[in-house]
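K.L.:
Take this structure, written in structure tokens, and hold onto it; I'll ask about it next.
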Amino acid sequence: MQNARDLKEYKGELSGALGNEFLRTAMDNFAMAYRVSRAKAFAGMDVDGLVRDIAQAKDQAMARMDELFEEFKTQAERQGVTVHLAKTGQEANEIIGRIAEKAGVKRIVKSKSMTAEETLLNHHLEDLGLEVTETDLGEWIIQLRHEGPTHMVMPAIHLSRYQVAELFSEVTGARQEGDIQKLVKVARRELRAKYAQAEMGISGGNFAIAETGTIALCTNEGNARLVTTLPRVHVALVGLDKLTPTLTDALRVIKALPRNATGQAITSYVTWITGPGECQSSPDGKKEMHVVFLDNGRRKLAKDPVFSQVLRCVRCGACANVCPVYRLVGGHQYGHIYIGAIGLILTYFYHGREKAKNLVQNCINCGACKAVCVGGIDLPRLIKEVHARIQDEEGHPLQSQLLGMVLKSRKMFHALLRSAKAVQKPVTGGTPYLRHLPMIFARGQGFRALPAIAETPFRDRFESIKPKVKGPKLRVALFSGCVQDFVYPEQAEAAVKILAKHNVSVDFPLDQSCCGLPVQMMGEREASRSVAAQNVRAFDLDSCDYILTLCASCASHLKHGYPEILGPDCEGDPGLAATVRQFADRVIDFSSFVHDVLQVEPAEFRADGRKAAYHAPCHLCRGLGVTKAPRELMATGGLEYLPAEEEDVCCGFGGTYSMKFPELSAELLKKKLANIEKTGAELLLTDCPGCIMQLRGGLATKGSPIKVQHVAEALAERLR
Amino acid sequence: MNDKARLADLMAEKAGLVSAIVSRVKSLDEAFAYTLDVCDKKEACQLLPSGCESDLSAGAGALCDAKLGKIIAAPGLPAEAVKALGEACAGRGVGFITQGMRSHLAGIDIGFTIAEAAIAETGTFVLDSRSEELRLATMICEVHVCVVPVSAIRETSFEVEDHLRELCQDAPGYVAFITGASRTADIERVLAIGVHGPLELHILLLED
Ligand code: SF4
Ligand code: SF4
């Protein structure tokens, strides 16, 4: 449960988590195992199609939330269920407290419910003097420890068997060993006794099915069946987002949810409860059943044009499973109650700005979560969107405001970069790296060398290298991005060399500026929009067939980010609205262009068979879905490609992220480099100057001989 | 291979993957005999590790002590099946009950049921659990034996949807999809079977 008051305190907690050896190993093992089991579970299935269907059905349902609620209520009440609607978490807790009081309940057993975690239901009931026992093993463990979950599906994933044994020793008053099978059986017995005594059972609900008034529950342990059977009162606490029109919708989600959560084809139990059935412990032989729906902002969310899609979430936890930052720091540092990417967003809506403001900055924008979400939620974008909202509400930090201001004026930005070059001499010591940064810039940055600004930026070199092509077969306009323009102009030059060979004309529109991703990442929406509009206007679409960029991050931002940022109405500039789509359609990354469009052949290159590893930039492999092209190009160019482990996991750069969270960035880089070094490669290729900055800097600091290059450079060097 | 046989094979394969023990029987009588054999073997072996051998707190320990002799519970069977299974149990000296599960919360040896339908692609069977006795029997038993008529097996969950809808509409309803034994991986992600429900699940595919 994240409660840090400010960013400094939060960073302190992150450092603490990084030092937790058990957690780190547990999380690493989990991340690796999950990849494999998820892939296996979905093998042979049309996952994209399934995700699309789920997203569509969920969107349609959420647009009819109130209507579905009424339908459910009518159906359920006809069978004798009392249906409640709570506006807030507090209200839900009070309703449940009153039900307990009226029914003379003293002891309660609960099966897992994230919604009850959201409302902090246990605290409320315990304050009323009721005994509440969680029966899901993981939930019981964290309840005994008085802490919140660290994962939505495996709440106690941060604990070792020895910690559990210690806990159970306390509970049973007898010494328990760290034998997992035995510990589970101890829980079986201890909890069985609790079911036998409880008068009330509280469950969550994975689905509230309107057509039949049915509550459906997915569990592996089967505890929900006992919770809903033995006690004489059953209360289901369900978020309004769990309303779904038909059984078909539920069955569809069940196809994906367990597979995505734990790699299971289905959970051991799926329970469909319609109305209060017989109950021998009740005086009249019939169960008393209540369904409490929780709003807590959901109705408002359903109407939000940007955020309504978060209601598609089925709480599978996968967005945490694949998140490289979650993997480093664990759930107590990566969510307040809801964990992982979706937690970063929901915390703001369900628990408020104070709880969300630090968390939401800790996303490196790698897109791994979005790629696995069964609801197809654009999680990274919404995380940035929350960040931006918080800054709009609280005021923008000076640093990000300044960056926004500077970027909005291309001239000012470029003048600044040029003057930085002029004054950097004393800190480069004549090397291509910044060697002696003044302390305020260098804090925590020692894990990688930072590059110096290039002697002459690409924009100043372009006229002299511009290929003279007569009757070009294609016309390309180059978007360099800041890093290639001012730090690594040689990469763009390498690309120009290859294009010229293929009779492609190249243009470099001088009014282009930073793509705007850094300010977007910092929550400076206004600046981000303004820079995007400037860039779109800088390109004359009539004179180019493609807009080519060698930067994966720029490419994905230009292609997918711009149409979203500039919105359908482009702030009253309908001309721009039409252009931005065309602009985005023309954007292509270097590897795809050379591989798919130019279709280069091995005969064009001098093969030398040097061993090369590859780093797949987040924004290329997930952002643009490009995976084959660069790897095949390595072979075409005559290199021996050696696959590395976790090739598509983030290198830890993330632009401004690595400045804000250097400690986490360094850890990600360490893992990445270890995997690369294991391959035995002498070359490391990639498709993004940002990643190159990070990887080169890390290897230089380590004193490693591995040479890092852009795919374009490796190809250009081998051109015949 | 005809479709029925194919689905039976698929069901057996998928249920096996989640540690269900799948066998084939030709008649209900054969299923009863199988169940009693399991019960016998259970005696021959140690009592299945259900936690009672551990050191427990006083309350939970007392519940263990209350565990009675060997019992097979089979609520919800048709009358003649009750008679047949009851006699078979008596013949082998095993207790047989069809109700009163609440006085056996410490655990019974075997819960015996017949499924409504099954979903082959996940190895799941569908149990109409509206009877509280039946629901409890399948949770407090240490071994759950479920007969799945081959004619009731479908390939996907969508093919049992109409049936599920009927069961839900005929309220109050309580339907269970059961796939493998009760399991958890909540401690260090290590799989452990039988955290709350049965420690073993046997599926008997009945050729009908
Ligand atoms: S984009 Fe990457 S870092 Fe951000 S929440 Fe998703 S997985 Fe985590
Ligand atoms: S946001 Fe997507 S991946 Fe994350 S828990 Fe929800 S459904 Fe699963």
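K.L.:
Kindly work out what percent of the DSSP beta bridges joining two residues of the protein assembly as shown are antiparallel, to the nearest 5.
P.N.:
The antiparallel proportion sits near 30 percent.
K.L.:
How many nm separate the modelled label positions at B:PHE158 and A:GLU463, each set 7 Å beyond the Cα in the direction of the Cβ?
P.N.:
Here the answer is 6.4 nm between the modelled labels.
K.L.:
Which value, in debye to the nearest 20, gives the size of the charge dipole of the protein assembly as shown about its Cα centre, when Lys and Arg are +1 and Asp and Glu are -1 at the Cβ?
P.N.:
For this selection, approximately 2880 debye.
K.L.:
Just the accessible area per residue of chain A, please: how many Å² with a 1.4 Å probe?
P.N.:
I get 36 Å² per residue for chain A.
K.L.:
In addition: Antiparallel versus total DSSP beta bridges in region B:3-206: what percent is that, nearest 5?
P.N.:
About 25 percent, rounded to the nearest 5.
K.L.:
What does the charge add up to near B:GLN99, with Lys and Arg as +1, Asp and Glu as -1, over the other residues with Cβ less than 12 Å from its Cβ?
P.N.:
With Lys, Arg at +1 and Asp, Glu at -1, the net is -2.
K.L.:
If you don't mind, there's one more thing I want to ask. Nearest 10 degrees is fine. How inclined is helix A:21-42 to the longest principal axis of chain A, computing both from alpha carbons?
P.N.:
90
K.L.:
Take A:LYS497, A:LYS73, B:LYS42 and sort them by solvent-accessible surface of the protein heavy atoms, 1.4 Å probe, largest at the top.
P.N.:
Descending accessible area places them as A:LYS497, A:LYS73, B:LYS42.
K.L.:
Would you mind counting up the charge near A:ASP28? Only other residues with Cβ under 9 Å from its Cβ, with Lys and Arg at +1 and Asp and Glu at -1.
P.N.:
Neighbourhood net charge equals +3.
K.L.:
Helix A:662-679 sits at what angle to the longest principal axis of chain A, using alpha carbons and giving 0 to 90 degrees rounded to 10?
P.N.:
70
K.L.:
Could you work out the mean projected area of the convex hull around the alpha carbons of region B:71-180, in square nanometres to one decimal?
P.N.:
7.2
K.L.:
If I take every Cα pair under 8 Å that is 6 or more residues apart in chain A, average their sequence separation and divide by the length, what percent do I get for the relative contact order?
P.N.:
Once normalised by length, the contact order is 12 percent.
K.L.:
Now for a different question. Just report the Cα centroid separation between region A:61-113 and region B:73-96, whole Å.
P.N.:
With region A:61-113 and region B:73-96 each reduced to a Cα centre, they are spaced 41 Å.
K.L.:
At a threshold of 8 angstrom on Cα-Cα distance, excluding pairs fewer than six apart, so keeping six or more, what relative contact order does chain B reach in percent?
P.N.:
It rounds to 29 percent for chain B.
K.L.:
Also, quick follow-up: Work out how far the C-alpha atoms of the protein assembly as shown reach from end to end along every principal axis, then list the three figures in whole Å, largest first.
P.N.:
100, 60, 55
K.L.:
Might you work out the accessible area of A:ILE54 for me, using a 1.4 Å probe with all protein chains in place, and round it to the nearest 10 Å²?
P.N.:
Surface open to solvent at A:ILE54 totals about 10 Å².
K.L.:
Which lysines, on any chain, are close to A:LYS11 with Cα under 20 Å apart, when same-chain ones fewer than 8 places away are left out?
P.N.:
A:LYS355, A:LYS357, A:LYS384, A:LYS660, A:LYS670
K.L.:
Over the heavy atoms of A:GLU463, what accessible area does a 1.4 Å probe trace out, to the nearest 10 Å²?
P.N.:
130
K.L.:
Using the basic label-point model (7 angstrom from Cα toward the beta carbon), what is the A:GLU394 to A:ARG353 distance in nanometres?
P.N.:
Taking the two extended label points, one gets 0.8 nm.
K.L.:
OK, next. What are the extents of the Cα atoms of region A:434-596 along their three principal axes, listed from largest to smallest and rounded to whole Å?
P.N.:
Principal extents (largest minus smallest coordinate, Cα): 52, 42, 27 Å.
K.L.:
Continuing with this model, one more query. Within chain B, which DSSP H helices have Cα atoms that stretch 18 Å or more along the helix axis and a mean Kyte-Doolittle hydropathy of at least 0.0?
P.N.:
B:79-92
K.L.:
Just to be sure I understand the model, the point goes 7 Å from the Cα along the line to the Cβ. What's the resulting B:SER103 to A:GLU13 distance in nm?
P.N.:
Computed distance between label sites B:SER103 and A:GLU13 equals 5.3 nm.
K.L.:
Only helical DSSP H runs with n ≥ 4 go in: add -39500 (n - 2.57) per run for chain A, normalise by residue count and round the 222 nm mean residue ellipticity to 500 deg cm²/dmol.
P.N.:
So the helix-based figure for chain A works out to -14000 deg cm²/dmol.
K.L.:
Where does region B:3-206 land on Rg/Rh, using Cα atoms and the Kirkwood Rh?
P.N.:
With Rh from the inverse mean 1/r over Cα pairs, Rg/Rh is 0.96.
K.L.:
At 1.4 Å probe size, with the rest of the protein present, what percent of the exposed accessible area of the protein assembly as shown is carbon and sulfur atoms?
P.N.:
Using a 1.4 Å probe with all protein chains present, the protein assembly as shown comes out at 53 percent carbon and sulfur.
K.L.:
Let me ask something else about it. Pick from B:ILE178, B:ILE140, B:ILE119: which residue has the top mean-square fluctuation in a GNM of chain B where Cα pairs under 10 Å get a spring?
P.N.:
B:ILE178
K.L.:
Continuing with this model, one more query. Residue farthest toward the positive end of the dipole of the protein assembly as shown, with Cβ of Lys/Arg at +1 and Asp/Glu at -1: which of B:PRO75, A:HIS595, A:LEU416?
P.N.:
Result: A:LEU416.
K.L.:
Show that you can apply the helix-only estimate: for chain B, add -39,500 (n - 2.57) for every DSSP H stretch of four or more residues, divide by all residues, and state [θ] at 222 nm to the nearest 500.
P.N.:
When only DSSP H runs of four or more count, the value is -10500 deg cm²/dmol.
K.L.:
What's the angle, to the nearest 10 degrees (0 to 90), between helix A:689-702's Cα axis and the longest principal axis of chain A?
P.N.:
In chain A, helix A:689-702 runs at an angle near 90 degrees to the longest axis.
K.L.:
For A:ARG418 and A:SER37, what does the FRET efficiency come to when R0 = 51 Å and r is the distance between their Cβ atoms, rounded to the nearest 0.05?
P.N.:
With a Förster radius of 51 Å, E is 0.45.
K.L.:
Still on this structure: Round to the nearest 10 and report in Å² the accessible area of A:TYR348, as given by a 1.4 Å probe over the protein chains' heavy atoms.
P.N.:
30
K.L.:
Right, another one. Nearest-5 percent of antiparallel DSSP beta bridges in region A:599-717?
P.N.:
If we restrict to bridges inside region A:599-717, about 0 percent are antiparallel.
K.L.:
At 1.306 mPa s and 10 °C, plugging the Kirkwood radius over alpha-carbon pairs of region A:645-720 into Stokes-Einstein gives what diffusion coefficient in µm²/s?
P.N.:
Translational D for this selection: 124 µm²/s.
K.L.:
At a 1.4 Å probe, which residues in region A:262-291 are at least 50 Å² less accessible with all protein chains present than in their chain isolated?
P.N.:
A:ILE266, A:SER268, A:TYR269, A:TRP272, A:THR274, A:GLU278, A:GLN280
K.L.:
Could you report the buried accessible area between B and A, both sides summed, computed with a 1.4 Å probe and given in Å² to the nearest 100?
P.N.:
What B and A bury together is about 5900 Å².
K.L.:
Got a sec to turn the phi values of region B:109-119 into Karplus ³J(HN,Hα) couplings, 6.51 cos²θ - 1.76 cosθ + 1.60 with θ = phi - 60°, whole Hz, x for Gly and Pro?
P.N.:
6, 9, x, 10, 9, 10, 7, 6, 7, 8, 10
The values are calculated or read from the model by the stated rules, or taken from the named source; none is laboratory data. Predicted model, so just to flag it, every value in this text is computed and none were measured. All Cβ positions, even for glycine, are placed from backbone atoms using ideal geometry, and neighbour counts span all protein chains on display. The protein model used for the area step is the full one, side chains on, heavy atoms only, and it has no ligands, DNA or RNA in it. Shrake-Rupley method; radii C 1.70, N 1.55, O 1.52, S 1.80 Å.
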